[in-house]
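Step one of this worksheet: look at the structure below.
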Amino acid sequence: MAAGKISLAQLNRALETQRKTKKRIGEVLVDEGLITESEMADVLAQQLSLERVDLDNIFVDQEVARSITKEVAQKHNVIPIFIRDGKLVVAMSDPLNMFAIDDVSFITQKRIQPAVATKLQVARAIEVYYSKEATDKAIEDLKREFTHVTTTEAVRPEAVMSEDVQTAPAVRLSNSIINQAIATGASDIHIEPFETYVAVRYRVDGVLFESNRIPQNLYSAVSTRIKIMAGMNIAEKRVPQDGRIEMDIKGRSYDFRVSSLPTIFGEKIVIRVLDRTTFNFTREKLGFTEHENKIMDKIIKMPHGIVLLTGPTGSGKTTTLYALLNEVNHPDKNIVTVEDPVEYMLAGINQVQVNVKAGLTFASGLRSILRQDPDIIMIGEIRDEETAQIAVRAAITGHLVLSTLHTNDAPGAITRLVDMGVEPYLASDAMVGVIAQRLVRRLCPACRKPVEADENEMMILQVDKPVTIYKSQGCPTCQSTGYRGRTAIHEVMLLEKEHRNVITHGGSAEDIRDVAVKKGMVDLFESCKGLVLNGVTSIQEMVKTVYARD
């Protein structure tokens, strides 16, 4: 209360709850939503004169972190982060826990300096810094098992599905690979067999990195376990297969899409990781600027027409579509989607999963949706002429249609529809807005380095005088990549009378672009340039992601 976060009445109610539950007062205040975890940590640090640490944005020494076991770290929700002045600095959500401090001091034989972090950040850091260790241990256990039984015996399905299935090394290794993916925030897991080893790689922030190597002779047990979990045919190894795993991990619901592909050294397995918990992305989190949001407000308020998200695979188009759907999701609207796959489940929205084998395609699903009295329709992707024609008809008959398309920029979406067989006058009438999107990696705030742009970099940025930019370095906080997280860049085009005239008369994408820029559209190059000059991303990311204008 002294910090001004709560009122006296709220404190009294919290104290009453504390007497009943025996929890600490801070936990009660957080549980009841009176303050956030971050605010609680700020107050604790201030009251106890301790250091407040942000574990998402500081350097953490991995060797120091592993000076205690994962079990001890989880038991007390603590993690050693570095050594300073001979003392072991330990991040903890409860710095008054003397049992935890004594335990860590006894194990490490060092004096402890507590630092305050949120409970969630400490738990997340424990998963990140100990996940690879768990995978390595499971690999060693599987090796030991193979010294006692033959390879053939070890990979039999009945061995993988024995009574002690959860403690079997192959099962623990499979689970560790998945858990490590969750801990590192990976979007995909690649398990790739080669002649003498099997590489386990994770795609984090759009970039693959190798995490572990499994001996080739152990791989059959792991692949069999994963295929069993995904409901795939373990006896068939000559043709590609697809499967699906649903798991709850630490209170979150995950959907894993599994794909196997026969290679000369065995089946390559790729697992797509989808977090099915509550969708909480907003336009602000997705990187839309104030200028872009003003245009977006006009687009999303249109009563009917087509709104397209464009960009390459993996550019976050579907995530932005979901964010827009959340904005227009009201009880007085009937919203129906047809997707492949359904990546997030949204309350109040009717979501349809494409099933090609059963004859449910985007086109057939869209035709059925139109008989369901929809106000707003979301199509996961416009892939063919039939889907494009139905979407256009839906838009010009009073429906708001949201979808994605694979084009390089916003103006190119119009010409792509025309290439698909949509008449220019219909495309002109149906379209209301296009958002082109790319993802760029954010520089790690813990280790980014400011430098003055050289002549080549100034030429890339199209500036006449030296400017300060930031470059990636690499530290344990960012897994030595120099980057942490991603943000989106956009070009947002609202179609107005001038655009429609150009489209109707068969104008090219460049003609449409010229009109859009004159009407205030900021293109992808300028959008990314702003992030480089503000130190959000690097010039290397810019070169990889967007092309400079002529």
Residue tally, condition buried (at least 20 other Cβ atoms within 10 Å of the Cβ) and touching a His at 6+ places or on another chain (Cβ under 7 Å), over segment 204-217:
0
Please work out if residue 463 is out of contact with any Asp or Glu (no Cβ under 8 Å at 6 or more places or on another chain), in a loop (DSSP other than H, G, I, E, B) and more than 30 Å from residue 185 (Cα to Cα).
yes
Inspect all residues belonging to segment 447-457 and state whether any of them is closer than 30 Å to residue 298 by Cβ, open to solvent by 60 Å² or more (accessible area, probe 1.4 Å), of a type in the set (D, E, K, R) and at pLDDT 90 or above.
no
Check on residue 323, under 18 Å from residue 380 (Cα atoms), in contact with a helix residue (DSSP H, G or I) (Cβ under 8 Å, 6 or more places away or on another chain) and among the aliphatic types (A, V, I, L, M)
no
Single residue of 276, 283 found to be modelled with pLDDT under 95, surrounded by 18 or more Cβ atoms within 10 Å (Cβ to Cβ) and closer than 30 Å to residue 536 by Cα:
283
Answer yes or no as to whether residue 171 is at pLDDT 90 or above and open to solvent by less than 20 Å² (accessible area, probe 1.4 Å).
no
Entirely in segment 203-317, the strands (runs of 3 or more DSSP E) that have 2 or more residues that are closer than 28 Å to residue 490 by Cβ
207-215, 252-263, 266-275, 305-310
Spot the failing condition for residue 227; the list is (1) farther than 18 Å from residue 140 by Cβ; (2) open to solvent by 30 Å² or more (accessible area, probe 1.4 Å), and only one is missed.
(2)
Residue 389, sole failed condition from (1) touching an Asp or Glu at 6+ places or on another chain (Cβ under 7 Å); (2) polar (S, T, N, Q); (3) at pLDDT 90 or above; (4) open to solvent by 10 Å² or more (accessible area, probe 1.4 Å)
(1)
Regarding segment 410-426, can at least one residue be identified that is in contact with a Pro (Cβ under 8 Å, 6 or more places away or on another chain), open to solvent by less than 50 Å² (accessible area, probe 1.4 Å) and of a type in the set (Gly, Ala, Ser)?
no
Kindly provide the set of residues from segment 331-342 that are within 25 Å of residue 253 (Cα to Cα) and surrounded by fewer than 20 Cβ atoms within 10 Å (Cβ to Cβ), ordered by number.
340, 341, 342
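Report whether or not residue 370 is in contact with a helix residue (DSSP H, G or I) (Cβ under 9 Å, 6 or more places away or on another chain) and surrounded by 22 or more Cβ atoms within 10 Å (Cβ to Cβ).
no
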For segment 183-202, which residues satisfy the criterion of being of a type outside the set (Ser, Thr, Tyr), in a loop (DSSP other than H, G, I, E, B) and modelled with pLDDT of 90 or more?
194, 195
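When only residues in segment 45-62 that are at pLDDT 80 or above and assigned to a helix (DSSP H, G or I) count, which is surrounded by the most Cβ atoms within 10 Å (Cβ to Cβ)?
So, considering only residues that are at pLDDT 80 or above and assigned to a helix (DSSP H, G or I), the one surrounded by the most Cβ atoms within 10 Å (Cβ to Cβ) is 45.
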Could you list, ordered by first residue, the pairs with Cβ atoms under 8 Å in which the first is in segment 384-412 and over 12 Å from residue 307 (Cα atoms) and in a helix (DSSP H, G or I) and the second is open to solvent by 10 Å² or more (accessible area, probe 1.4 Å) and among the acidic types (Asp, Glu), at least 6 apart or interchain?
396/429; 411/510
Can you tell me which residue among 128, 122 is part of a helix (DSSP H, G or I), open to solvent by less than 30 Å² (accessible area, probe 1.4 Å) and within 30 Å of residue 202 (Cβ to Cβ)?
122
In segment 343-354, what count of residues is obtained for those that are over 17 Å from residue 246 (Cα atoms) and open to solvent by less than 70 Å² (accessible area, probe 1.4 Å)?
6
Does any residue in segment 61-88 that is among the aliphatic types (A, V, I, L, M) come within less than 8 Å, Cβ to Cβ, of a residue that is open to solvent by 70 Å² or more (accessible area, probe 1.4 Å) and in a strand (DSSP E or B) six or more places away or on a different chain, and which pairs are these?
64/83
Of the residues 179, 175, which single one is outside any strand (DSSP E or B) and either without any contact (Cβ under 8 Å) to a residue 60 or more places away in the chain or in contact with a Phe, Trp or Tyr (Cβ under 9 Å, 6 or more places away or on another chain) (or both)?
175
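The values are calculated or read from the model by the stated rules, or taken from the named source; none is laboratory data. Fair warning: this is a prediction, and the values are worked out from it, not measured in the lab. For neighbour counting, all protein chains shown are included, and Cβ atoms are generated from backbone atoms with ideal geometry for every residue, glycine included. Surface accessibility is based on the protein's heavy atoms, side chains included, excluding ligands, DNA and RNA. Shrake-Rupley method; radii C 1.70, N 1.55, O 1.52, S 1.80 Å.
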